[in-house]
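Since the structure comes first, as structure tokens, the remarks are kept for the end.
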Amino acid sequence: MVSRDGELAAIIDWDLAGPGSVQSELAFIAWQWVPLWHPASTRALGWEELPDIKRRLGLLLDSYGLEDRSDFIDHVITRVVLHYEGITTRARAGIPAYIEIVRKGHAENMVRTAQYLRSTRDELQAMVTT
């Protein structure tokens, strides 16, 4: 994160960097920063109370100016699954940093999050399209 005068000015992310679509990048930001983790994982990340997801998703997508929000939650689910696959593939290849991510349970949190997002997909999608 880059801040200016104590305010968020930019988000820069280099790990697993590569070309991506606007939907994919916004999906990643929504997953990480709204956040759209499984509620237990959200609490483990330091949230004492779960955030107002509808408000935070709206702020993100409105601030970006995203007009086509159809299937946005599907993009989030896809991004979580792709991230999980990338991490576990690298861990199986013996890359120490990714082995540690898996050992610490982060990959399992992604599985739980993907399941949660699938089970609440319609409710979450309604939040971004209304």
Legend entry - Which numbered condition residue 49 misses (of (1) open to solvent by 60 Å² or more (accessible area, probe 1.4 Å); (2) at pLDDT 95 or above; (3) charged (D, E, K, R)): (2)
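Return yes when residue 118 is exposed (fewer than 12 other Cβ atoms within 10 Å of the Cβ), modelled with pLDDT of 95 or more, farther than 22 Å from residue 11 by Cβ and out of contact with any Ser or Thr (no Cβ under 7 Å at 6 or more places or on another chain) and no when it is not. Even if it seems obvious, please write down each step before you answer.
Numbers: exposed (fewer than 12 other Cβ atoms within 10 Å of the Cβ): no; modelled with pLDDT of 95 or more: yes; farther than 22 Å from residue 11 by Cβ: yes; out of contact with any Ser or Thr (no Cβ under 7 Å at 6 or more places or on another chain): yes.
No.
Do we have any residue at all in the range 80-99 that's out of contact with any Phe, Trp or Tyr (no Cβ under 7 Å at 6 or more places or on another chain), more than 22 Å from residue 20 (Cα to Cα) and surrounded by 15 or more Cβ atoms within 10 Å (Cβ to Cβ)? Give the derivation first.
Pass one, the range 80-99, residues out of contact with any Phe, Trp or Tyr (no Cβ under 7 Å at 6 or more places or on another chain): 81-86, 88-89, 92-99.
Subsequent filtering for residues that are more than 22 Å from residue 20 (Cα to Cα) retains 92-97, 99.
The next check asks that each one be surrounded by 15 or more Cβ atoms within 10 Å (Cβ to Cβ); those that pass are 99.
So far as the range 80-99 goes, yes, one or more of its residues are out of contact with any Phe, Trp or Tyr (no Cβ under 7 Å at 6 or more places or on another chain), more than 22 Å from residue 20 (Cα to Cα) and surrounded by 15 or more Cβ atoms within 10 Å (Cβ to Cβ).
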Inset, instruction - Might you let me know whether the range 69-77 holds any residue that is surrounded by 14 or more Cβ atoms within 10 Å (Cβ to Cβ) and in a loop (DSSP other than H, G, I, E, B)? - result: yes
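The values are calculated or read from the model by the stated rules, or taken from the named source; none is laboratory data. Since the model is a prediction, treat every value here as computed from it, not as a measurement. Glycine gets a Cβ as well: all are built from the backbone with ideal geometry, and neighbour counts include every protein chain shown. Just so you know, the surface numbers come from the protein's heavy atoms only, side chains and all, with ligands and any DNA or RNA stripped out. Shrake-Rupley method; radii C 1.70, N 1.55, O 1.52, S 1.80 Å.
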